[in-house]
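As structure tokens, the structure follows; a few thoughts come after it.
The values are calculated or read from the model by the stated rules, or taken from the named source; none is laboratory data. Everything numeric in this text was worked out from a predicted model, so none of it was measured. FYI the Cβ positions are ideal-geometry reconstructions off the backbone, even for glycines, and counts take in every protein chain you see.
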Amino acid sequence: MNPILEVKNLNYIYSAGTPFEHQALDNVNFSVNRGEFIGIIGHTGSGKSTLMQQLNGLLKPTSGTVLLDGQDIWSDKKLTRQARFRVGLVFQYPEYQLFEETVYKDIAFGPKNMGLKPEEIDRRVREAAGFVGLTEKQLEVSPFDLSGGQKRRVAIAGVIAMEPEVLILDEPTAGLDPVGRAEILGNIEAYRKAKNATIMMVSHSMEDVARLTDRLLVMNGSKLAMDGTPADIFTHAEELLEMGLSIPQVTQVFLHLRTLGVDVENVYTIAQAVQQMKTLRGGGAHA
């Protein structure tokens, strides 16, 4: 399988040649397969946001390449423009970027910029609204009359309406209550399944990334420090804590049990913890 995205020897320096020079990305390498759900974790200033903006051509690498379907997105202006539609980026608190007079027009903004016909724009707007749980009635109201969680859905729908093959989200559940968080994450998963889209999600919630993702990229000090499955990554709990990152609460509990001499394996989801406890108690349906 050919990767949908490849990052090769990627470097990015802010304010190069000035006293404020800062290397935000340092020789980063990884590839992403179609349909994968990838979590990106790292403390503030580790390079996560800069990396995301490289992947859809908002920032040009100082050196190195970003390949989309095997093509360098900076080798041709047309490819750079295409990358911005094919790799959709949802910034943190995207509701602050809403500006149209109706929800419908806001969601339609991206597809219009793609030069699509009105009937295709209409199909995409309504389908994207469906993915994020917005009603037909809500399409006709002002986005500023909606709740914070609903505004977030509108903003995500605006990116989904471009039908990106890769959807990148920066803290999509930040500031939402538990119900709103669960709904937004469900919306993202629904889009992934319907379109076989690749999802890349920056999150500070270790519980969310442990439960949802296939793979985790750990950024630390502008470098890619780790790349592996959640099971692989969360076995390095001490290293993650040294980087200033948390680990899932259930993982912390089971690590503590091990220090007390209890024979348990590493777990990182509630479902795994339940299975471990059943095993400890004798296992099976009677546990």
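Below are the figures for this structure:
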{"item": "Out of Ala155, Ala182, sole residue that is free of Cβ contacts under 8 Å to residues at least 24 places away in the same chain, part of a helix (DSSP H, G or I) and in the same structural domain as Ile40 (by TED's automatic domain parsing)", "result": "Ala182"}
{"item": "Residues that are charged (D, E, K, R) and surrounded by fewer than 14 Cβ atoms within 10 Å (Cβ to Cβ), drawn from region 238-263", "result": "Glu238, Glu242, Arg258, Asp263"}
{"item": "Among (1) at pLDDT 95 or above; (2) within 22 Å of the chain's Cα centre (by Cα) - the single one Glu120 does not satisfy", "result": "(2)"}
{"item": "Spans of strands (runs of 3 or more DSSP E) in region 10-82 with at least 2 residues farther than 21 Å from Asn196 by Cβ", "result": "22-32, 63-68"}
